[in-house]
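Shown next, in structure tokens, is the structure this report addresses.
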Amino acid sequence: MSRQPSFDSGSAGSLIGLAYSGAEMHSLDESARVEPPMSDPNPNSPRPRTIVEKIWDDHVVAPGTDGAPDVLGIDLHLVHEVTSPQAFDGLRDRGLKVRRPGQTLATVDHSIPTTDRSLPFADEIAFAQVSRLEQNCAEFGIPLHGMGSPHQGIVHVIGPELGLTQPGMTIVCGDSHTATHGAFGALAIGIGTTEVEHVLATQTLLQRRPKSFEVRVDGALHPGVTAKDIILYLLSRIGVGGGTGHVFEYGGSAIRALGMEGRMTVCNMSIEGGARAGLVAPDETTFEYVAGRTHAPAGADWDVALDRWRRLPSDEGARHDRSIAFDAGDLVPMVTYGTNPGMGFPITERIPDPERLTDATQRDSLRAALRYMDLNPGDAILGKPIDVVFIGSCTNSRISDLREAARMLRGRHVADGVRVMVVPGSTEVKRQAEEEGLDSVFRDAGAEWREAGCSMCIAMNGDQLSPGQYSVSTSNRNFEGRQGKGGRTFLASPLTAVASAVTGRLSDPRALL
Amino acid sequence: MTITPPREPFRSVTSAVVPMLRNDVDTDQIIPARFLKTINRAGLAEQLFCDWRYLADGSPNPDFVLNRPEMAGRAILVAGDNFGCGSSREHAPWALMAWGIRAVVSSSFADIFRVNSLKNGLLPVAVPPEELMRIGSILEAEPDVELTVDLEASEVRLPDGSAIGFDIDAFARRMILDGTDELGYLLAHQPQLEAYDASHPPRVSTLA
């Protein structure tokens, strides 16, 4: 028999409406006169700061006092159709406007079809959601790159592409993969819908200072091993909760050697390690990528910006709360075998045995994961037959990903019975790929060449696995049902995805180089 | 002038428990992505844990905890470590609350889920791992036992009279106890916002 829960609401609401009016403001004003807590006895040797601390200090609108978090100013707010409708309703309910439409940009990516854009939506509910975003953007004066715009694309692909993502900025989006923008040395945070509403209304966010987690990757990657393998390796070491409460700062010669798109791949999956953000200090590679883009500073503004950006990297002696270091030269192509992104290993390994784990809950988790994936302890993962290959998502859908994939696929053909979907990250990536003839390489090999969007990474738009199917996916999540109810996902790099597409089995890309 | 929508102040909840002692439950399980095409918050209770709750033919999965008749009306979920990892979808706490959950007790929570929950008045109650194990053993012996999650005292009270203290974000705690929300607090910072704007010209303009 079930009893109803009882709630104690106390002496109802004497504080409602009074909280945070004059009294609270007064205490904040007082605190503003207090000396900064971090003042150093020797003014000539300021305390060394991490890049995150520098960005943070530069964006505090009001310091948190009396137990409150800091109010942090936001430079850029990216909006999409899925996590925003209820936030706009919230604004309407309170009669609020969007405080900074010019620091806000919307696009459609999650629920849109990746088939012919001239056709009507097959999914009425998705169509209603996209239409609602169009209405909201029109009503609140927010620029929108909607269906048919040459700048439409996955929100984390178009920000950098347009030059909106710049070093030292605070960037938010109602999407956990916002950390992607950290590749530029920006503090980029994934937020929920209530926070989307907060940022729309105030261009600020209530935030507590995160801890810092240094991830140092030195050495050089071997051929066939990529940025995706670096991040999958990190996740396999620290687990899906290993970075909770922290921001990853990625550094070391192997990170420096990556192009901006590789760095985006690494930062993108920070949330899969539990970190709400992850970043790479900006350097010449960053500046070269940003220069000349639509929204990049130009002329004298460029010099001013560059001067500011060069001061961003963490100071010598800056303190990290945790750190991990490994050598890129030790890495081989990685793949996941389980049902979260931390359940990954070198593609040459055998499926782990749950019975060898001493912790009962971990043992149960691994057992459940292997049951879902229908994999047996001790079996090799290489050679596992697959049904679908997905090349796309905010992790691996940029032009360099497509070039790498096409280079391996050229002159080869997709194995019989395997469906291969190539989904460019943005309409601009698609245009550029077609200009380079990459679309022909994919089509000639038997792959589908589709319109830009999130597609089978999140499987909201009809691009999905059937129950029981296996995919090799360049996306970021292998959770149960993530790519379609009952579908099973092996996360891997674009090269591993192509090698597997060609053979029809999970394959080591180094054999096809 | 803006009006802060009033919310019921919340101090404590006493209820039997929905046990889900599995680690790393992600928000894709709490509410699968195909339900995120909604433009409001209707129907989320039925979609909570949908893919675990229903079999392929649409019938309730008899092995899944929420389908046990005695679970109806329970307001406390006891979950394994790192609950709510993955996607930032706020639909996850919305769906839990729509079903009737007011507090989730675990040894840790994913950051975005924790923040989203607090902003909706769903309590993410993090207790030490050994205490979670103790609660788990109690539930195994007495599945219908009631716990009290007391926000004001910041403690979970067990039937044997013992209490487990928990840390919770002090600011969010005050907001939930008072029944106010955070947007009102932010909007009260108008002078600071203007001062900040004056010294921080926009880095980019999306309207340009």
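The values are calculated or read from the model by the stated rules, or taken from the named source; none is laboratory data. Since this is a predicted model, take the numbers as computed values, not measurements. For neighbour counting, all protein chains shown are included, and Cβ atoms are generated from backbone atoms with ideal geometry for every residue, glycine included.
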Hey, A:G159 hits all of (1) in a helix (DSSP H, G or I); (2) closer than 18 Å to B:E90 by Cβ; (3) under 14 Å from the mean Cα position of the chain (by Cα) but one; which does it fall short on? (2)
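Would segment A:349-357 turn up any residue that is without any contact (Cβ under 8 Å) to a residue 12 or more places away in the chain, farther than 13 Å from A:S236 by Cβ and among the hydrophobic types (A, V, I, L, M, F, W, C)?
The initial filter retains those residues of segment A:349-357 that are without any contact (Cβ under 8 Å) to a residue 12 or more places away in the chain, namely A:356-357.
Applying the additional criterion that residues be farther than 13 Å from A:S236 by Cβ yields A:356-357.
Of the ones still in play, those that are also among the hydrophobic types (A, V, I, L, M, F, W, C) are A:357.
Checking segment A:349-357: at least one residue is without any contact (Cβ under 8 Å) to a residue 12 or more places away in the chain, farther than 13 Å from A:S236 by Cβ and among the hydrophobic types (A, V, I, L, M, F, W, C).
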Suppose we keep only residues that are out of contact with any Phe, Trp or Tyr (no Cβ under 9 Å at 6 or more places or on another chain), in a strand (DSSP E or B) and farther than 22 Å from B:N23 by Cβ within segment B:138-158. Which one would you say is farthest from the other protein chains (Cβ to nearest Cβ)? B:R157
Selection over segment B:139-163 where residues are surrounded by 18 or more Cβ atoms within 10 Å (Cβ to Cβ) and without any contact (Cβ under 8 Å) to a residue 40 or more places away in the chain yields a count of 1
Under the condition of being part of a helix (DSSP H, G or I) and within 13 Å of chain B (Cβ to nearest Cβ), which residue from segment A:135-156 is nearest to the chain's Cα centre (by Cα)? A:H156
When segment A:290-318 is checked residue by residue, the ones that are closer than 11 Å to A:T50 by Cβ, surrounded by 15 or more Cβ atoms within 10 Å (Cβ to Cβ) and over 23 Å from the mean Cα position of the chain (by Cα) are A:D315, A:A318
Within segment A:162-208, work out how many residues are under 23 Å from A:G273 (Cβ atoms), within 7 Å of chain B (Cβ to nearest Cβ) and part of a strand (DSSP E or B). 1
For segment B:182-202, name all the residues that are within 8 Å of chain A (Cβ to nearest Cβ) and in a loop (DSSP other than H, G, I, E, B). B:A188, B:H189, B:H200, B:P202
Pick from segment A:83-95, criterion more than 13 Å from A:T194 (Cα to Cα) and out of contact with any Pro (no Cβ under 8 Å at 6 or more places or on another chain), ranking: nearest to the other protein chains (Cβ to nearest Cβ): A:G95
Would you confirm, using the coordinates I've provided, whether A:R132 is assigned to a helix (DSSP H, G or I), modelled with pLDDT of 95 or more, touching a helix residue (DSSP H, G or I) at 6+ places or on another chain (Cβ under 9 Å) and basic (K, R)? yes
Only one residue in B:I112, B:I135 is within 25 Å of A:A275 (Cα to Cα), modelled with pLDDT of 95 or more, among the β-branched types (V, I, T) and not in a strand (DSSP E or B). Which one? B:I112
Let me spell it out: the conditions are (1) charged (D, E, K, R); (2) farther than 30 Å from B:D181 by Cα; (3) crowded, with 24+ Cβ neighbours inside 10 Å, and A:E272 meets all of them except one. Which number is the exception? (2)
For segment B:103-117, indicate whether the set of residues that are more than 9 Å from chain A (Cβ to nearest Cβ), aromatic (F, W, Y) and under 18 Å from the mean Cα position of the chain (by Cα) is non-empty. no
Where in segment B:1-96 are there helices (runs of 4 or more DSSP H), lying fully within it, with 1 or more residues that are among the acidic types (D, E) and either facing another protein chain (nearest Cβ under 7 Å) or surrounded by 19 or more Cβ atoms within 10 Å (Cβ to Cβ) (or both)? B:27-30, B:50-53
Out of all the residues in segment A:171-182, is one or more buried (at least 21 other Cβ atoms within 10 Å of the Cβ) and over 13 Å from the mean Cα position of the chain (by Cα)? no
Exactly one of A:D116, A:D75, A:D70, A:D109 is surrounded by fewer than 18 Cβ atoms within 10 Å (Cβ to Cβ) and of a type outside the set (A, V, I, L, M, F, W, C), and that one is A:D116
